[in-house]
Amino acid sequence: MEQPRITHIVLDVLKAHQPPLPEFAAFVGELGGIKRVDVSVVEMDEKTESLKVTIDGVNIDYEELRSHMAKQGAVIHSVDQVVVE
């Protein structure tokens, strides 16, 4: 029997203003198993941006995703939604 896989995840993420959103979204999309990345700014202050990051894929590895985002200085504050198939 096949293991369930994460196919959709919505994250609350905090990151610095750099890198810019298009670059950050493309960087996240480099991970294997990810097919689509949707990033929206929820709140912005002097030094940081709070983001809603929605990711669709065939097999999203949460721990790999978390450490990959950290390379850009981004921190996952919460997992707001998950779909497993």
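Nothing in this text is a laboratory measurement; each read-out follows from the coordinates by a stated rule. Keep in mind that this is a model prediction, so the values were computed, not measured. Ideal geometry is used to build each Cβ from the backbone, glycine not excepted, and the neighbour counts take in all protein chains shown.
Put simply, when 48-56, 11-19 are sorted by average Cβ atoms within 10 angstrom per residue, most first, you get 48-56, 11-19. Taking Cβ atoms as reference points and 14 Å as the exclusive limit, the residues near residue 57 contribute a net charge of -3, counting Lys and Arg as +1 and Asp and Glu as -1. Between the stretch 69-84 and the stretch 49-65, the alpha-carbon centres lie 6 Å apart. Taking a Cβ cut-off of under 12 Å around residue 19, the surrounding Lys, Arg, Asp and Glu residues balance to a net charge of 0, with basic ones at +1 and acidic ones at -1.
Around residue 40, what is the net charge, scoring Lys/Arg as +1 and Asp/Glu as -1 over all other residues with Cβ under 15 Å from its Cβ?
Combined, the nearby Lys, Arg, Asp and Glu give -3.
Based on the convex hull around the alpha carbon atoms, the chain presents an average projected area of 5.1 nm².
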